[in-house]
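What follows is one structure encoded as structure tokens, with my remarks underneath.
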Amino acid sequence: MPAITVDNPLVLPRIDQPPAEAVGRPVAQVVDAHHAVEGAGFEVWRPFPGGVDARLADPFFLLDQLGPVDYGPLQAVGAPWHPHRGLETVTYLLDGVVEHHDSNGGGGIIGEGDTQWMTAGAGILHDEVPTTSFARTGGRSHGVQLWVNLPAASKFAPPRYQAIPGGELTLLSSADGAALVRLIAGELGDHSGPGVTHTPITYAHASVSAGARLDVPWNRDFNALAYVLTGRGYAGAERRPVEAHQLVVFGPGDAVTVGAADRQPEDSPNLEILLLGGLPLREPIAHYGPFLMNSREQIVQAIEDYNAGRMGLVPAAEPSR
């Protein structure tokens, strides 16, 4: 799991320990992700929707862990052209390389540690596929896609694309240097990530060394979730055991605790975990396939607009790398 790393986390800015009076968030629920095959045949682990009450994940609607999977030559698959409206798709890649195109002229190559942040807004077509060279040789592919719901006032915002190279993530260390935190968007203590969001959220990827513990301050108005990509450990001051492909739903408070078990699996020397939370929208949700709106009438309109080509057209193919 290359992602973005440093040889010595002690040289990074530190995340201050939560103050002594901070209220640690208890673990309310641990959910197993559902395993499925999506798109053109790629494997996903999905903790929500389905595994947890949508109100607890709000403003997030979907979280997919894509892999990890090792492809042989000519085996790699992706997501062919499809539409979106009413949401933001955030793709964070840990291993492999993906080529993205959209009908608004955005896109590019997403490599290890990179994030692509696509605001579908009023509507857009896009695809996410292996590059020609990666498809030819094969290799390990591992990434995460998060759907962030847009508030009603932004459902029809103009589409927007943000490319966030791994080198632009905010790299932080835990107070003792035993955890490396990559802040993609939002705030942790006094630190901010590069992602520009319509909805206030915090989104980070932490690598916690075996036997170490990570305590971070958390916005009391946000919900708080943690998803284990690989490894094993615990969550909360009560040390609730967690392992790969499990989602932790925290209760109220203003600090989050996760820790890595003393012994980790051979293929994951650290606990690799996503930390995410946001300000709930508390708005009606109407969902159909790639559309996330507020009413059935808006879903019907989205389907009609897509069929009429009003969300854009698939551009002419260009050679990939």
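None of the figures in this text is laboratory data; all of them are computed from the coordinates on show. Predicted, not measured: the structure shown is a model, and the values here were computed from it. Heads up, the Cβs are rebuilt from the backbone with ideal geometry, glycines too, and the neighbour counts pull from every protein chain shown.
Mean shadow of the stretch 69-202, computed from the convex hull of its alpha carbons, in nm²?
8.9 nm²
How large is ³J(HN,Hα) for each residue in the stretch 244-259, as worked out from phi by the Karplus curve 6.51 cos²θ - 1.76 cosθ + 1.60 (θ = phi - 60°), to whole Hz, x for Gly and Pro?
3, 6, 10, 10, 9, 9, 8, x, x, x, 9, 8, 10, 10, 9, x
Compute the relative contact order of the stretch 13-307 as a whole-number percentage, counting only Cα pairs closer than 8 Å that sit 6 or more residues apart in sequence.
In percent, rounded to a whole number, it is 22.
Between ALA20 and LEU279, what is the label-to-label distance in nm when each label sits 7 Å out along the Cα-to-Cβ direction?
3.2 nm
To the nearest 0.05, how large is the calculated FRET efficiency for ALA175 and SER133 if R₀ is 41 Å and r is the Cβ-Cβ distance?
According to the calculation, E is roughly 0.50.
What number do you get for the chain when its Cα radius of gyration is normalised by 2.2 N^0.38 Å, N = residues?
Normalised Cα radius of gyration, the chain: 0.97.
How large is ³J(HN,Hα), in whole Hz, for each residue of the stretch 114-127 in order, when computed from phi with the Karplus curve 6.51 cos²θ - 1.76 cosθ + 1.60 and θ = phi - 60°, using x for Gly and Pro?
8, 10, 10, 10, 10, 8, 6, x, 5, x, 7, 10, 7, 9
How far apart, in nm, are the 7 Å Cα→Cβ label points at ARG310 and HIS35?
Placing both labels 7 Å beyond Cα along the Cβ direction yields 4.3 nm.
Sequence-distant or interchain residues sharing an amide H contact under 5 Å with ARG240, placed H: which?
Counting only residues 5 or more places away or on other chains, the set is ALA235.
Can you give me the distance in nm between label points at ASP190 and ALA237, each placed 7 Å from the Cα along the Cα-to-Cβ direction?
2.5 nm
For SER295 and ASN8, compute 0.36 nm times the residue count separating them, minus their Cα-Cα distance, and round to one decimal in nm. It would help to have the intermediate numbers written out before the result.
Details: separation 287, 0.36 × 287 = 103.32 nm, distance 5.00 nm.
The span from SER295 to ASN8 would gain 98.3 nm if fully extended.
Can you give the Rg and Dmax of the stretch 39-124 based on its C-alpha atoms, in angstrom?
Radius of gyration, then largest Cα-Cα span, for the stretch 39-124: 14.0, 42 Å.
Residues with amide H under 5 Å of GLN29's amide H, sequence separation 5 or more or different chain, H placed in the peptide plane at 1.01 Å from N; which?
Counting only residues 5 or more places away or on other chains, the set is VAL249.
Tell me, Kirkwood radius of the stretch 187-231 from alpha-carbon pair distances, in Å?
On the way: mean 1/r = 0.0795 Å⁻¹.
After inverting the pairwise mean of 1/r, the radius is 12.6 Å.
Between helix 296-307 and the chain, what is the angle of the helix's C-alpha long axis to the longest principal axis, kept within 0 to 90° and rounded to the nearest 10?
Compared with the principal axis, the helix lies near 60 degrees.
Using modelled amide H (1.01 Å from N, peptide plane; none on Pro or chain starts), what sits under 5 Å from the amide H of LEU94, excluding residues fewer than 5 places away?
Those lying under 5 Å, H to H, from LEU94 are GLY113, HIS142, GLY143, VAL144.
Considering only PRO151, PRO73, PRO49, give the residue with the highest GNM mean-square fluctuation for the chain, with springs between Cα atoms whenever their separation is below 10 Å.
Residue with maximal mean-square fluctuation among PRO151, PRO73, PRO49: PRO73.
Jot down the per residue volume, in cubic angstrom and as a whole number, of the convex hull over the alpha-carbon atoms of the stretch 240-285.
Working: hull volume 5.3 nm³, N = 46.
That works out to 115 Å³ per residue.
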